[in-house]
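The structure under discussion appears below in the form of structure tokens.
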Amino acid sequence: MARKPSRLEFAVIGLGRFGRSVALNLIERGHTVLGIDRDPNIVQQLADRMTQVVALDSTNEDALRAVDILSFDTVVVAIGSQFEANLMTTVALKQLGVKRVVCKALNERQQYILSRVGADMVVLPEHEAGARLAWQLSEPHLLEHLNLGHGFSVAEVKVPAPLVGQTLMQSGLRRRYGINVLAVKHNGKMIVTPPPEYVFSREDRILIIGTDNSISTFCDLSS
């Protein structure tokens, strides 16, 4: 089964190592990404690797309006070394009315301040790698993700509503989606390698393994 075309559009502000990782992983997963950095040299380096990339001062509301920042589903503020610029950019985005602003913080104090000024999500780089955040942003129903390399991953997801009441065998997950169920978390207990007759419940969480595309297609069931 082919994956549905993505309709998500992201802007990533600050194209250092973290921001670049988020942006490139989102592009790899088929999403549209606008990269923003105030350093023209960084913008030039990434011109051939990103959907769109521009050099501008993200603390300037007029500059943000000029790139139609409100048209993006999510804006990631990945400015790390200059917290004042990070903070002012976040405030500008929220004042403009951006729907979802995700910020990078270097410590818990920064995390607290960014949350107080309206950031919808704040991540700490030691806890959130760029690739993992890209999965989180593009697959909101995915709970945990581990990249195995070579296009394969292990993921924990909530059981999609269409599968509730079906047995593992009836769901045909391997045949229909190319994924295998490693375990099911049911009522606080972990069932490793559940039997074919196991019936999925609404609150179940399942640990699956498969290709990145197969997992993405399966996650679309929950949309």
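Just so you know, all these numbers are worked out from the coordinates, no wet-lab data involved. Because the structure is a prediction, the values reported are computed rather than measured. Note that we place each Cβ from the backbone using ideal geometry, even for glycine, and neighbour counts take in every protein chain shown.
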Radius 13 Å from Cβ of Ser171, net charge of other residues (Lys, Arg +1; Asp, Glu -1):
+1
Length-normalised contact order for region 9-137 - Cα pairs under 8 Å, 6+ apart - percent:
25
Thr167 label point, 7 Å along Cα→Cβ, cut-off 14 Å on backbone N: hits in region 184-198?
194-198
Top mean-square fluctuation among Ala92, Ala66, Ala55, Gaussian network model of the chain, C-alpha springs under 10 Å?
Ala66
The answer for Val76, listing residues at least 5 apart or on another chain whose modeled amide H is closer than 5 Å to its amide H, is Ala11, Val12, Ile13, Val102
Subtracting the Cα-Cα distance of Val192 and Glu9 from 0.36 nm times their residue separation yields 62.2 nm
With a cut-off of 8 Å between alpha carbons and a minimum separation of six or more residues, what is the relative contact order of the chain in percent?
16
Of Gly19, Gly80, Gly35, which has the largest mean-square fluctuation in a 10 Å C-alpha GNM of the chain?
Gly80
Taking DSSP loops as anything outside H, G, I, E and B, show the longest stretch in the chain free of trypsin sites (Lys or Arg not before Pro) there with at most 16 other beta carbons within 10 Å.
101-201
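Can you give the relative contact order of region 141-222 as a percent, counting alpha carbon pairs under 8 Å and 6+ residues apart? List each step's numbers first, then the result.
Numbers: 160 pairs, mean separation 31.6, N = 82.
Relative contact order for region 141-222 comes out at 39 percent.
Can you give the extra length, in nm with one decimal, that the chain gains between Asp39 and Leu70 once fully stretched, where that is 0.36 nm per residue apart less the Cα-Cα distance?
8.9 nm
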Whole-Hz ³J(HN,Hα) for each residue in region 93-110, computed from phi via Karplus 6.51 cos²θ - 1.76 cosθ + 1.60 with θ = phi - 60°, x for glycine and proline: what do you get?
5, 5, 5, 6, x, 4, 5, 9, 10, 10, 10, 9, 10, 8, 7, 5, 5, 4
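If you restrict to DSSP beta bridges whose two residues both lie in the chain, what percentage is antiparallel, to the nearest 5?
Of all bridge pairs located within the chain, approximately 55 percent are antiparallel.
May I ask you to work out the translational diffusion coefficient for region 9-137 at 25 °C, viscosity 0.890 mPa s, via Stokes-Einstein with Rh from the Kirkwood sum over Cα pairs, reported in whole µm²/s?
Reported coefficient: 174 µm²/s.
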Where labels lie 7 Å past Cα in the beta-carbon direction, separation of Ala183 and Thr51 in nm:
3.6
From phi via Karplus (6.51, -1.76, 1.60), per-residue ³J(HN,Hα) for region 208-217 in Hz, x at Gly/Pro
10, 10, x, 6, 4, 5, 5, 5, 4, 4
Ratio of the chain's C-alpha Rg to 2.2 N^0.38 Å, to two decimals?
1.12
Using θ = phi - 60° and Karplus 6.51 cos²θ - 1.76 cosθ + 1.60, couplings along region 185-191 (whole Hz; Gly, Pro as x)
9, 10, 6, x, 10, 9, 9
